[in-house]
Every structure is written in C-alpha cells, then in structure tokens.
1. Per residue, how much space in cubic angstrom lies within the convex hull of the C-alpha atoms of the stretch C:337-453?
2. Taking amide H positions as placed in the peptide plane 1.01 Å from N, state which residues far from residue B:64 in sequence (5 or more) or on other chains have amide H under 5 Å from it.
3. Quickly estimate the mean residue ellipticity at 222 nm for chain A, helices only: each DSSP H run with n ≥ 4 gives -39500 (n - 2.57), and the total goes over all residues, rounded to 500.
4. Compute the signed sum of charges (Lys and Arg +1, Asp and Glu -1) over the other residues within less than 12 Å, Cβ to Cβ, of residue C:387.
5. For the stretch C:118-128, just list the computed ³J(HN,Hα) in residue order, Karplus coefficients 6.51, -1.76 and 1.60, θ = phi - 60°, integers in Hz, with x standing in for Gly and Pro.
6. Based on other C-beta atoms within 10 Å, arrange C:51, A:43 from fewest to most.
7. Can you check what the net charge comes to around residue A:230, using other residues whose Cβ is under 12 Å from the Cβ of residue A:230 (Lys, Arg +1; Asp, Glu -1)?
8. Please compute the Kirkwood hydrodynamic radius over the stretch B:92-282, one decimal place, Å, based on all pairs of different Cα atoms.
Amino acid sequence: MTTSIASPRRSVSRGVSSAVLLAVAACFLLPLAWLLLASLDTKATASLNLPAEFSLANFSAVLTPEQTLWPLWNSFLLSAGCAVITVLAAVLAAYPLSRHQARYNKPFLYGVLFGTGLPITAMMVPVYSMFVRLGQLDSVATVALFMAATSLPMAIWMTKNFMDSVPVSLEEAAWIDGASAMRALRTVVVPLMRPGLAVVFIFVFIQAWGNFFIPFILLLSNHKQPAAVTVFNFFGQYGSVAYGQLAAFSLLYSIPVIVLYILVTKGIGGSFATAGAIKG
Amino acid sequence: MTATPTRTGGAGRPPQAARRPAAAGRTPTARRSLRRAVPLVPAVVLLALFMLGPVIWSVYGSFTNASLSGTAASSPRFVGLDNYLALITDPDFPNALWLTVVFLLLSAVIGQNFLGLGLALLTAAAPKAVRSVVATTVVTAWVLPEIVAAFACYAFFSSDGTLNRMLAAVNAEPVDWLFTYPMAAVILANIWRGTAFSMMIYEAALNDVAPEITEAAVIDGAGGWKRLIYVTVPMIRNSISTNLMLITLQTLSVFTLIFVMTSGGPNQRSTTLPIFAYAEAFGLGKVGYGTAIATVMLLIGAVFSILYIRVLKPGDNS
Amino acid sequence: MRKSVLWAAPAIPFLVLAASGCAPAGNDAEGGDKSITVAYQTTATYTQVDKLMKKAKEDFEEANPGSTVELEPIQAEENDYATKLALMQRSPDTAPDVFYEDSFRVRPDAEAGYLLALDEHLAEWEDWDSAFIDSAKQAGLGADGKTYAVPMGTDTRALWYNTEVFKEAGLDVPWEPKTWDDILSAAEKIKAAIPDAVPFNIYSGTGMGEAASMQGFEMLLYGTDDTLYDTEEGKWVVGSQGFRDSLQFISDVYGGGLGPEVATALDSNYYQQLNGEGYPTNKVGASIDGSWIAGTWLETGPAPWPEWSEVMAVAPMPTQNGQEPGATSMSGGWTLAVGANTKNPDMAFDFISTALNKDNTLSFNKDASQVPVRRDVAEDPSFTESSPVNKFFSDLVEVTHYRPTTSDYPEISGSIQQAMEAVMTGEQSVEEAADAYDDAVRNLVGDDNVIEK
C-alpha cells in the first residue's frame, strides 16, 4: 500500500505518523520485553534490565513435572476438550441456521448474541453454587462443558458466518444423490470450511487456555489444576522474590497460544479472519 | 504475526444468494422444521444448562442467605430482598459501581477505542515495516493469557518496576503506582492489553473503505481531518458501535487483571464489581450477598447486550 | 501445513479426557484399598506443616499396609487458604477427609455441618485423656459442646526486637516497655538513628488477614480496658474508647512513619520479607509477632540464621497505660479436623492420632516454635532446650486472651482489618473508621446483639 505520488509534505507527515506509531509500539513493548529479559536473567528484578549474563537457569528451575509439565498438560486437556465440544456443537447448530429459513432462526440468533454479552465473571458466584448442588465441583469434564457453553455463542456466530459462504450448489448435488442433510454436512460442507473451523477451534482453545477464574473456582485438587492456576499460586508465593522464574514460567505457559495465533493468522485464515468473523 | 489484511470469505455478511438453498417452491411443514432443528439440540442443551442455568440460579440465590460457613451454610434461608436492601446501604457497593463505570469509560470507551482507531488509521498509511512492528507488539499483548499480562503489568507498575526506573532516569519522583494510583494502573493495563481488539476491528472496517480516503485523511493534515470526521467515520459507523459494545462487555468482565495487580486494594480503591462479588462471596463467605452483586452485574450486562443486538440486528436482511 | 494432521489432532485429548480418571470425583471408592485426602496450608516460608504431614503419611502407611494417604497441600497465604478450604468443604464430593483448620473457624464450620464430631473416637484414644492439657481442648469445641478438632499446639504473641538495632539507636537492652508510649518512643529513636530501618512493625490491613486482627489489633485492644465481645452479655461491643485508642496507635505508627511503608505492609507476603530478610540484616527494630517466627531462623527453617538467638530478644507486650496485669497476649492455634462426609471416618481419625502422637507433635512444636498442648511434649527436655524463647512464650499463657468463640467472629475480624486499612492509608480518620466498624457490626449481627460502651 505505498502511494505513488510522494509530495514533500506527504513524506513529512508520513514520517511524523511513523514516529508516533513507533513510540506507541515502544510503550507496548516495555512490559513484554521485561517478560523476555527477566526470564533469561537469574538476578531479575521488577524492572527492565539487560541481564549481566544470559542464562536458561530460570527455565530449568521451573521445568519440573509438578511445577509446569502436569499443569500444562491439564491446560491442554481442558482447552482442547472445551474446543472440541464447542466446535462440534457449533457446526451442528450452524447448519440449520445457515441452510434453512425457519421461524426459530431469528430468536435463536438473538439468544446467541445475547449470550455473548453476559459477563462470565459475574456468573462465577452462582456457577460455583450450582456446581456444588450438582456435585460437579472439581470435575474436569464438567468444567470443560461449562467453558464450552460460555464460548458457544461466539462460536456459533462465527461458524454460521463461515458456513454461509460455502455455496449451496455443492450440497444440492449430494442431496440429488440421496444423501441426508447430516451426510451432506459431513462430507461436503465441513471439508470445505475446514480453515474456518480451525479458526473457531483455535479461537476457543486460546480463550480456554488463558482462562484463570473458572478453573480457579471450580477445580480444587492440585493435580487437576491448569497452568493458569499454578502460575498464580507461584506468583502468590514467590512473585516478589523469584521474578526470573515467574517470567520463565509465564513464557512457557504463553508460548502455545502465541504459536497457535501465528498459525491461525499466517497459515489458515489471514489475520482478520477472527476479527472479521466477530464483526459479523 | 504481521497484519496482512486478506480476509477469508467467511468473514462478514455472506452474499444473499448463497444462503437460501432452493428456497423456491418449498413450504416447510411444522414437522420438517422440527426435524431440521434437531442439530440445534446439543447447543441448546449446553446453553440452557450452563448459561441460562446460572442466570436463573443467580436470581434465586440472591434471595437466600447462603454462606460458606456457620449455620447459614448448612441450612440457607429464603430472605427475600434483604440482600438487595443491604446492597443499597452498603457504602462499598456505590464505590464498586462507580469504579466499574470509571474503569469502563476510561479504559474501554476512551482508551482502547480511540487508541485502536488511531493506530488503525495511522498504520493504514505507514510503511510496511512500521506497520508490522506495531501490529506485532500490540497484538502480542492481546494474545498473551490474561494472567501473564497481569504479571507483566504488575512488574511494570510496581514500586521498583520499569516505569519508576524510567521516571528516575528523567529525575522525576518515583510513585508507588499500584498503591497510590491503583485505578490509573489497572486502567492503563487494560488499555495495554485490550487495544489490539479495537485496532483489528477498525483495520478490517477501514479495509472496506477505499484506501485513498483513509490515507489522504491522515496525510493531508487539516483538510484530511475534516474528511476523516465527515467521510471515513460515518462509513465505519457500524463497526464503531459494534466495537464499543464488545469492548464494554469484555471490560465489564475483567477480573484477573485487577485481582493480580491490586486485589481491589488498597482500601477498596480499585474494587470493581467482579472483585467486589468475589471478595464478598468467597473471601467473606457471604455467598447470598455475593450472588446479589452478581445478579446486578448480569443485569448491566444484559442491558448492554440488548443495545448490542439492536445495533447488529441479526437476520435483518432476511 | 498439513491440514489433515491438524484436523485429527483435536480428537486425541478429547478421547483422553473421556477415558482418563477425569470423571467426577469418587476415587476413594469402597472395597479393597482405602484412601483419605489430607488438605493443609503451605507457603514459601511456612513449610513445617508440610513436613509434619509427609512424616505422618509415611508412619501411617507403614503401620496400615494397603491404606493410602493423599496429601493435598494448598499453596496460599492465610486468607486465601481459608477461602480455598471453604470452597472445598462446601461440597461433599470435594471435602477433604482431614484438614488443617484455624481454631477460630472450628465453631462456624461445625455449625455449617462440615466437621465430624470426634467424641467417640477421642474416648478411645488414650493420649487425649492422659497427655492433652484440658484448657487447650477448648480449641476444638463446637457450640453444642462436642469436640470437632484436635489442637496441634497453641501460640502466644509478644514483642520481638533486634538488640543490635536497639544498641545502635542508644536504647537500653534488655528492653522493658511498660506502656504503648514506651513502644512509640523507642520507635522514634530508632527512626532518628537509623533512617533506613523499619523502626516497628505491627501487622495491619486486609492483605494480612487474621494476622492483622490478632497480632495487630487484638494485641492492642486486649491491653486496654475494653474488649471485642462482652462474654457475660453475649454481645459485641461497639463504640468503645479502647477500640478508638487501638486504631489511634495504628495511625500513630503508620502515619508517623514509624512502621514499614504502607504499600509494603499491605502485601500479604510481607511477613516473609520482614522476618526472613529484615531482622537478619538489622533493618528492623521491633515487631509484634508470634512465638513461631523463630521457626524461620532455625536450621530446619526457610531462612536459617544461626546467630538469631544472640541478636533477637523478646519482651511481653505491655498494656496501654501499664494497667494490671502489666502485659497482654493473644492465643490461637491450629487444629486437625475430620470432614463430616468422609467415607472413612475411622481411618481419618487414626491418621490424626498418628500425626499428633508424641513424637510427631514434639518435632512439629519444635520446628514451628509452638506452645505445646501436650503435657509430655511441654515437659520433654529436648523441647525446652530447642529454643531459648520457648519458656518465655509458654509463660505468657498466664496473661493471654482468646478470641471470641462465636461463629460470626471471622466476619467481624474482616471488618476490623478494613478499619485498620482505612486508618493506616489515611483514607479515614480514627473516628470515621471506628464508626464504620460499628455500622458493619450492627449490620452483621443485628442491633440486638451489640452493646454500646
């Protein structure tokens, strides 16, 4: 997107705007740079410092099974379980919404949109009481179902948008062959919208991976807790002494979502797939 | 994670023709329509159980004196509107409500929204290298798990953190931000974390506007500003209202960031409604009271949600 | 990118999730081997309970082959531990079988139906009659007169001070303060002589949790002519002069720059820094704290400091103006209790009797510098010799006070911490904070249950 005509005045304002942009980027960079540099510094403090010597000691200190490996695996189980349930339910729900005109479409979509707006943190107090009554406290499977339900409104919305863009003519061929709607969905529609579904999956996965409050309240046994909760416990105990280890732990926990995000923007959808779909 | 504005076909509103399968000549009977609704069942069950369920539970629980300890834990009583009456007289409630409004307005409506719009406009005309630097840093802050973002901000604002170090470098008096200005610290932290979202929405929206208009608006100075306000902004009006609604709802939900940075303190000076509900229900064990606070928050969320739906109008084009 | 692989990958964890033991609780199924879970608190510097539990698990599993004890250490500070434990207790599926519980929560938790009455088991446990000191057994009593918990030790609180800092500030050692003013004037002298030291620490504010109420506020209030609760009337005291004077003392310390930085003092981890670094580096003058902090400096502790017994000294906390009996203290302590819904009550109790037998109690009381509640431990020469301050703290039992044993105490305690925080940050005046406390108490217990002094 470069302009062909570069008048002097234009290049001056362009320079100014670039300078402003870089200044903003620098402000955004500072806390991020701290995370990175502190993780490599055995004498890290709360302030941004260039380490006297770069070392991976912080990483090896926290890379123990109890400290990081099991919690990361728990995070993976919870997030992947949640994302699978969400995508399955969203694809099924999006199909009739996208393909048929029915009286329930509009109220359902209104309901779904309404759901996207409810503050989940507000719900945690009643959700806790409800889990107590249902005897589902500390159950990873039920927590994954709950998290799936909270991301479902957004997922249905995105999936329906993706599905709308798959031409119906292809399914019609399948229908003529006598295939049922479900079979057409499985054999024709889903394969065509794989990139879109991958976007939804990763979107839900990233959200679940980063969620702290839900497992903090609903999962109580140490061996079931995801990394979000154990890193918080670590912060509570050593946060003001072992800054380097905290940063190393934080990075280990963040890397998977950063990789997934790059995957979704570079590989699958183009960077605005997510934002675009949300935009509706 | 550079911003390459290629859009997948699925994003945005689909072309009308694609979504009406052989509509002509079909009059779906009630039975067929019911059969077709079957795939909706898993989603409906999940939403009914885990979204509608807690909402109903919240209203019900707010009328009880349920507690984590004491006799009220073993046999909670129905106390009618007592919790709501107590809310009205509790000086901590208006405090939390006010801080929530301040947090919403300053960090979302003003901070994230305007910074996001500004960045989207400026990057549209910026050289590719600059654009990718901005996108990478701003978006990374957004992609990081909330709790990691909170640690980074906690360190940044703490008394021996990066910000004070920079202040010392220019001979300014260091300030214990998390203690002296807790709201300012969490507001800035939320802007830092959330601006990427607005930026991406506006970038996508500006993409639909002819690039010359945006670019000229930025580069042509005064004349351009006018064009920005009178031409560009009206063209992305829908995106602006959608964005405002979404970031308001997201910000209303912010818990972890504040919980980690200040836990609502000191002296409740950064206790927004989610922190207040947590502290009352789980910290002090007053579950019924905390549930009443949750119900108030759900009501606020519901109002914004309805506004949001009115803006979006799903299925309006049918 | 190979999309087919990406597409298949998500299915794997889902299958694992479905197949693995992540289904709703119930691993302590009946039949065959028995198991119990034991929940307790552990922090970066408070590891003594962890050590005790690990030892007890070993002993117990050795003596009872086929039984498994699952330890569930909860890494959190006092307030957060209480929250987490309450969240677990609320549901029968997640309630631990045995847990570490602050004595002041025994009564409300018994009323909530979380605790199993232990009377029948205790009757069969010889040690309970022969070894446990009768007055200490109160800690486990419920409102209905049944015993719900077994005390692990008790504690008393007093003034700790660093003699080297005192000498440097030109103060007399040994220090014998007679009134609150003596404490403040000593702090003033330290402040003038050593500007970068914390002259005097008193825990305060919500972040410190119960430590602020007990080591902080109640150590003051019970040295005035007033109390928190009128035991005879069975009513909470509001509007008392003693309450205001105690808040005024907090305000004098923090407002007068005699304490730590307010922001630092509000951090729930501050005690680690204070005792682990501040005292050993001669950067703290004096503080009100419990007998157990010596455990920090023992060889077995988190911050060993061999010279501590020469540098650190203790003095009884004086009453406000030196009124009788001249000194004051507060006592609490922790207990072990059994969950009401345990599937293996006998095994849970047997575990407690193992964890709190003479040998284990002895080493726990030594490690954590506790005041013993077992006669045989108190009299054991290895206990009295283990620390030079053990006798001092045991003797304070003469002047000590206990917290009100009503079930609303935990919430009242929260209101005390809020009043302290409001005063120490300068947010409210002493009058305003005291009035706000009175309102909060009236709201909590009702107008009928308060008495104006």
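1. Hull volume normalised by residue count: 195 Å³.
2. B:79
3. -23000 deg cm²/dmol
4. -1
5. Values per residue, Gly and Pro as x: 9, 3, 5, 5, 5, 4, 8, 9, 4, 4, 4 Hz.
6. A:43, C:51
7. Charge balance near residue A:230 sits at 0.
8. 17.9
Rule-based calculations on the coordinates, nothing more; no lab input. Bear in mind the structure is a predicted one, so any value in this text is a computation, not a measurement. No Cβ is skipped: glycine too gets one built from the backbone with ideal geometry, and neighbour counts run over all protein chains shown.
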